[in-house]
Every structure is written in structure tokens, then in C-alpha cells.
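One structure is given below, encoded as C-alpha cells.
The values are calculated or read from the model by the stated rules, or taken from the named source; none is laboratory data. What you see is a predicted model, and the numbers here were worked out from it, not measured in a lab. Note: ideal-geometry Cβ built from the backbone for every residue, glycine included; neighbour counts use all protein chains shown. When the accessible area is computed, the model is the full protein with side chains, heavy atoms only, and any ligands, DNA or RNA have been set aside. Shrake-Rupley method; radii C 1.70, N 1.55, O 1.52, S 1.80 Å.
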Amino acid sequence: MGLPIYATTPQRIWYYAFRVICALIFIFLITPILVIMPLSFNAENFFTFTPEMLRLDPDGYSLKHYQDFFTNNEWQRSLKNSLIIAPIATIISVSLGTLAAVGLSQSHVPFKGTIMAILISPMIVPLIISATGMFFFYSALGNWLEATLGLDKDFVGYVKVILAHAVLGIPFVIITVTATLVGFDNSLTRAAANMGADPITTFFRVQMPLILPGVISGGLFAFITSFDEVVVVLFVGSAGQKTLPWQMFTGLREQISPTILAVATLLVGVSILLLTVVELLRRRSERLRGIVES
Amino acid sequence: MSNAKDDDAVAGPVPVAPVDAGPVLAADGTPLKRSLSRALRRQKGRALLLIAPLLIFVLVTFIIPIGSMLFRSVENDIVANTLPYTVQELASWDAETGEIPSEDVFKAMYDDLFLSAEAKRHTRLGSRLNYEQTGMSSLFRQSGRGIDDLAGDAEDALEDAVPAFGDGETWYALMNAGAGEGNTSLLSNVRGRIGRLNDGLASADMDFVPSAEIAAVLPRTARTYTEWAVYTVTEDERVPADNDPWELVSLALVEELKTADLSGLSGDQAALLRQAQAVEFDIPPYSETFAEIDDEWVTIIPWETIQTHSSKYTAGYFLNAIDAQKTPDGYEWQPEEKQILLTLFGRTLFMSLMITGSCILLGYPVAWLLANLPASKANLLMILVLLPFWTSLLVRTSAWKVMLQSQGVINDVLVWIGLVDDANRFVMINNQFGTIVAMTHILLPFMILPMYSVMQTVPPTYLRAAKSLGATNWTAFWRVYFPQSVPGIGAGSILVFILSIGYYITPEIVGGTTGVFISNRIAYHISSSLNWGLAAALGSILLVVVLVLYWCYDRIVGIDNVKLG
């Protein structure tokens, strides 16, 4: 919507003013994320720009916060915990979620509304409430597991956090996969069955490749939910399960070191990567569906 | 996701058979109707089978925990579990009379308190009652320490007179049924009681059943000994026969022997008991013992508090959550200085509205721009919206901490251009302003995305048509475009409002004391004050608010229209 040549002066002013306003809002959206990147190379232990940095003096910059992140035991352990918890939770929510989404997309599902509401509920209920409920229930569950089955305390801690994160990721898987299944042509599965494929073969050879983009983007959402989650892990986990966001949270509250900014910068890199993957998947899915529908 | 093509195959209109032609048959000879309904049933079953694992998983790992929170907000069995006999005795006491309870109540309290002090549960009860009546916590802590003096004296007197009672073996031989008749109902009662006290099952195997004979003659001694035996086996995992029981058992025995009729007993045990009957030990009234520990006990306040809060379920936490409390005289507001939660609810509401409002203001122009630019440019700008959306919440929160601090980026820039004096830097963090700014940034994508998807569907020709009919720019926008974009605003607003009302992390870091939400209070009660009942009640109230809002969202937008990315 370019500006027509007959536009009057006030129209021109408004046109440019509006662009400026929008630009300011975009700046508001993106600046905080951009600001932390240079700050993470700060040579001092400050959360702010030093005069050396502003002069672009190389002495003002250093990689020491990154070095700290990669050598400090606390940070490394929390990274390791995050990398243990998030993938396992994702696998649980993706496998159960995809299966259920396939079930939900059948044409005759009794109590569909209720089931859907229950499955989506972990996304609706505010995290603090989920965390409160889980705190009560999971501590009892943990005690039971330790006392009755004699499991290791640390192991039980991981189980609790993984279960809690898996259930938080499920709504995302359900939503993305059912959305992909809307465009799925069921005559394909019938054709496969007609040619002698059993339901499992049909699922893995016919249905799965077509809904894969939805499954993967649902999985990414579930992964990022777990990877980025603090409240539930704070309430359910113990110190042994300290994850990366938890470590950042304590760091921010006590304001210990700009290592947080180095971690944040790395995480922004991760989110750019994720954004790209999701976007590519979305395009692929649209392309595939275009082929299916034509 | 019903699919029309699929429907036809199984559930299409059943061909209506002519009345006289008999039922239409399927290929295998069964009536078509039955065959179809069987196929339908099988399909339903298969669908449910696919959903079942996840449904069970969500029910167990999520719905039950939420349910347990709701239950905990009304659950109040701690008083009845810790002081069962006292509660029983207190039932007939009427605080209205202004008199302290009878000696029986004090005696029951002595036994209950002794046991809970041994199990170290009396402090927990004290803190529970302290939520309702200040001073109860220290009263219970102190009483737990002082309570065994009297019983200790009794034990000394008993063992001085009959040294055999210093030996666990003697007690065991006396109390255990052995070959005689055992009182199993007493044993199971005590097991239940110890289990409730310790939040666990007290069902460990043990080589002890209280003798029915002794239990009939010396009921309190038998009961206290059994309590000790069960406790020793389940908690300390020791054998009763090898250990000396609590002093309380000696006290009970000495007291009961003063009046007991031992004529029915015979053998060694009777001889032993007769010997013990001769013990010279005066037991002062229990009320005096309690008065010695703390004068508070001979006022009606603690008893009134225990009686008021002894029911198994309570609305007390909910009352506390709205700054009220249950007192012996009914419901009333908390004292002025304790009234913070209603203010906090109000503030949560106010800040959520502010955040929603600023998201609308900032989101609308951006969504409009995105919806009206050519797709290639819009996609590029969309990245600027999606990148914050995908970025870790902690990253964005730490970014705002960096930006807003008094030595932070914004203040530095303002000082550098000379707008602000170095000494008078703005205070932008640890207050409401900080929370609102940071949360607006964090939730803005949730506003822009639904607005954008609605605005995309508004044809640009409408605006041009309005203008060509003579509307000014403003009229065209306000009367034609805006009403069509309202669903987007509605959807985005409810979403942002729901999300912001339950936020915890960001307010905790940038909110200081004035910029925190009700959720921070919940977290405080969970992890610091340990008033879990109140935390559960606050959570339940918040949950109801969110569910109502969500119901509205479903009405306006529909669950299925939730889109991601």
C-alpha cells in the first residue's frame, strides 16, 4: 500500500508518522534481544556498557563470560540437566501426543470436546497453578517411589521433572498435529489398507511422512517449553535437577555474573535456529498439502 | 476434525428400505443397520484406544495434581490427626461459658501432645494454628519441650519402687497378649492414628498385640503402650521387647493403678502390678501441669482455636485468601495490618489490564502494517515479531533487567544525551513500571499474531469503498475497518490477559515489592512461609478466574482456532 501520488500533505505526514510509530514498536520488540549480545562480550563484570566498549576498544571486549559458562561446573551441570530433561520430555509428549492426535482426527470420537479440553488444559492453566498442584502431588509421588520401589533419590527427581515437562508440552503437539491432520486425505490410508498394508505399516509409511512437519514443529514447541521452563522445575525438582533457566533465574535474582548474558546470547542463537526450522517446516507442509489437495 | 469424505463411507445416510422388503442386509447377511453400527462402534473404540494412553497420562500427571491442589485448599485434618482425643473431648465443651475445659480435656491433651512431641509433629500443628491465632506456634513449641517433665517424674517413681519396670522386657511381657486373648481393634485403631499423624501407613509387621485382659483393666496404659510400640516399630524400626517405653506409659500406669481393680488378674503380672500399686506418687491435676508450662493454657484462647479449627474440612484458607478469617465468633476481616491479599488481587488485575491495554496500543499498528504490506516485506517484518516470541523467557527478562536498571542501558543513554542528570536516574525497575514494560514486551507477540490473522481477512477494498463514498480517513477507519478487526483485538486481549494474570518469573525479577502479582505470593507461601493451604486456596481462586476467562475465549474465538507460530 504505497502512498498514492494524489495524497495530500496531511496524508503524507500521517503516512510517514505511522511508519515511524511502527518502526519504534519494532525497535521496542527487538532492542532488548540485541542489547544483550554486545554486553555478553563485556570485559568487566558489569551488566552495562563500559566506556571502553563504547569506544570500540578491543580491550573492552572479551570472551571471558563464555569461557566461564563452558568451564564453570554449575553452569555445565545445569546445561547437562536441561539436555537430559528436555529431549526425554519431548519424546514422551510427541509419541503419546501424535498417537492421540491421530485418534482425535477420526470422524467419530465420543466426548471429543471434553477430551480435547483435558488434553489442552496444561497450556491454559497458568504455570504457577500447575506448579502448585504438581508440587503437592509429585512430592507425594516421589516419596512413594523412593519408599516403595526403593529408587534412587536423584533418579526420582529426574522422573518427576520429566513427567511434569512432558505433560506441559502435550497441548502443543496435539494442536500442531491435529492442525496438520485437518488437511490429511483419509482415502490415502484406505488405499494403503486396500493394497494390503496393516495399520502400523500404513501409519509409518503413508500417514507419518505427510504429517511429519506438524509432528516436528509440535516437538519443537514441546522441546522449547521444557527447555525454557522454570516455574515447574523450581517447585517439583530439587537441586540435583537444576536446569539452565533455573540457574539463570537464581543468577538474575541474586545478580551474580554477566555469564547470564553469555548464556542468553547463546540461547538467542538457539531460538533463531528453531525459528528457521519451524518456518521451513511450515513452508514444506504447505507445499505438501498443496500437492495433496490438487 | 471431521472429514466429509470419510463420513460418507461409514455413517452416510442409511438407505431407507421399503417397509415390506424386510431389513436391508450387508454382505455377510447381518442387517445393514446393525452392521453399520458395529462398524461405527469399532471405529469409536479404535479412536479411543489411540487417545487413551495420552488421556491417562494427562489425567495422572496433570489433572490429579490440580485436583489435589483444590482438595488441599479445603483440607484441614491436621488438628484432628494430631490431637484426636482432645478434639473428641472438646466437642462437648462450650466456649460461650467462658470457663476453661474440664480435666478430661487436659488429660487427653497431655496424651496427644506427648505423642505428637515424640513424633515431632506438634510444631507443625502449632504453625498451622498460628495462621489463625498468633502465638499458637510458640505455645506448642514450648509445651512440646515441657510436657515430659511430669511423666519423667512418674517413671522415676515407678522404677524406684519396682526396678523391673526399668526393663523393656517386663513391659512387653505385661502388655503383650502372648498366648492369651489379644485386643486387635485397639491395635488397628492405634495403627490408624499413628499413620495419620505421620502421613504414612503404620502397617509394619510387629510381634505385639495388646492383651485384652490388661486393656480392659488399664485402658489408658494399654493404649499408650500400643502407641509407643507401633511408633517404635514403624518409625525407629526397633523391637518393642528390647526397649523401654515412653515415660507417658509409666504415668498412665501409675495413675490407673490408683483406682484399678486388679482382682480379675492372676499370675506374675498381677503380682507385679500389685507391687506397682504401692508406688507413692501424687499426680497433680493436668490443668496445673499445663499452667506451669504456659499460662496461656488456662485461658480459653488456645482451646477455642483448636475447637474452631478441628473440623476435617475448612473454608479457612479461602477466607484467609480474601483477607478474612474464621474466628470462634464467626467470620470477620483480618486485622488491618494483615490485609494484603485483596490489594494484591486488585493489583494483579490492574497490572494485567494495563499490560493488555499497552499490548493493544502497540500491537494494533504493527498488525495493521503487517496485514497491509506485500507478503515478502510482511514476512521479513514478521521475523521481528517471531524472534522475541521464540526467545527464551529468561533471556528476555534478563534483557529487561539490563535495560531498566539505574545503571542500565536506557538510563545510560539518557544521561549520555543529557536528558537526565547523572544523579537523578530514573527508577524503572523493581516497581510496577518495570513489570508492565517487560511483560508488555514479552506478551506483545501473543497480541500481534491473532490480530494479524484477523486483519488479513479484511479486504482492503472496503476502506477504499468507504473513502470513495466520501468518508474521511478517520471515519473510514473507525466505522469500517475497526469493527471488523475487533474479533482480533478480543482474541488477543483475552489471551494476553490470561497469560499475564498468572505470570511469575518476570514480576519476580523486575517487579520488586510493588510490581508483583498474586502468583508471587503463591510461590512465597509454597517455598518460604510453608502455608500450603493458603497457597492452594489462592491458586484455586486464580484457576477459577482463568477458567472463566478461558470459557469466554472459547465462546468468542473457539479452542480450535488457537494457532501457533
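Test residue A:95 against the criterion of being facing another protein chain (nearest Cβ under 10 Å), out of contact with any His (no Cβ under 9 Å at 6 or more places or on another chain), of a type in the set (Ser, Thr, Tyr) and surrounded by fewer than 21 Cβ atoms within 10 Å (Cβ to Cβ), and give yes or no.
yes
Which count do you get for residues in the stretch B:398-416 that are facing chain A (nearest Cβ under 7 Å) and within 22 Å of residue A:254 (Cβ to Cβ)? Full working, then the answer.
Quick first cut of the stretch B:398-416, residues facing chain A (nearest Cβ under 7 Å) only: B:398-403, B:405, B:407-409, B:412.
From what is left, the residues that are within 22 Å of residue A:254 (Cβ to Cβ) are B:398-403, B:405, B:407-409.
Going through the stretch B:398-416 one residue at a time, the tally reaches 10.
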Counted residues, the stretch A:273-286 - those being more than 7 Å from every other protein chain (Cβ to nearest Cβ), without any contact (Cβ under 8 Å) to a residue 24 or more places away in the chain and not acidic (Asp, Glu): 4
Among the residues of the stretch B:548-563, is there at least one that is modelled with pLDDT of 90 or more and touching a Ser or Thr at 6+ places or on another chain (Cβ under 8 Å)? no
For the stretch B:518-545, name all the residues that are among the hydroxyl-bearing types (Ser, Thr, Tyr) and part of a helix (DSSP H, G or I). B:519, B:524, B:527, B:540
Can you tell me which residue within the stretch B:236-268, out of those that are polar (S, T, N, Q) and within 22 Å of residue B:156 (Cβ to Cβ), is surrounded by the most Cβ atoms within 10 Å (Cβ to Cβ)? B:250
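When you scan the stretch A:25-123 for helices (runs of 4 or more DSSP H) that lie fully inside it, which ones turn up with 1 or more residues that are closer than 30 Å to residue B:43 by Cβ?
Working: elements: A:51-54, A:64-71, A:73-104.
In the stretch A:25-123, A:73-104 are the helices (runs of 4 or more DSSP H) which contain 1 or more residues that are closer than 30 Å to residue B:43 by Cβ.
Hand me the list of helices (runs of 4 or more DSSP H) wholly inside the stretch B:122-235 holding 2 or more residues that are at pLDDT 85 or above and of a type in the set (Ser, Thr, Tyr). Walk me through it before giving the result.
Numbers: elements: B:122-130, B:136-146, B:148-161, B:168-175, B:184-198, B:212-217, B:219-231.
Here the list reads B:122-130, B:136-146, B:184-198, B:219-231.
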So in the stretch B:495-511, with the set limited to residues that are more than 9 Å from chain A (Cβ to nearest Cβ) and open to solvent by 10 Å² or more (accessible area, probe 1.4 Å), which one is nearest to the chain's Cα centre (by Cα)? B:497
Out of all the residues in the stretch B:395-415, is one or more within 26 Å of residue B:494 (Cα to Cα) and either open to solvent by 10 Å² or more (accessible area, probe 1.4 Å) or in contact with a strand residue (DSSP E or B) (Cβ under 9 Å, 6 or more places away or on another chain) (or both)? yes
Can you pull out every residue in the stretch A:246-281 that is surrounded by fewer than 21 Cβ atoms within 10 Å (Cβ to Cβ) and not in a helix (DSSP H, G or I)? A:255, A:256, A:257
Check B:68, B:35, B:2 and return the single one that is at the interface with another protein chain (Cβ under 7 Å from one of its Cβ atoms) and at pLDDT 85 or above. B:68
Looking at the stretch A:158-174, which of the residues that are open to solvent by 10 Å² or more (accessible area, probe 1.4 Å) and facing chain B (nearest Cβ under 9 Å) is modelled with the highest pLDDT? A:163
Could we say that residue B:111 is away from chain A (no Cβ under 11 Å) and open to solvent by 60 Å² or more (accessible area, probe 1.4 Å) here? no
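Residues are listed down the side, and each one gets a yes or a no for (1) more than 9 Å from every other protein chain (Cβ to nearest Cβ); (2) under 18 Å from residue A:268 (Cα atoms); (3) in contact with an Asp or Glu (Cβ under 7 Å, 6 or more places away or on another chain); (4) at pLDDT below 90:
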site: B:383; (1), (2), (3), (4): no, yes, no, yes
site: B:390; (1), (2), (3), (4): no, yes, no, yes
site: B:423; (1), (2), (3), (4): yes, no, no, yes
site: B:433; (1), (2), (3), (4): yes, no, no, no
site: B:452; (1), (2), (3), (4): yes, no, no, no
site: B:458; (1), (2), (3), (4): yes, no, no, yes
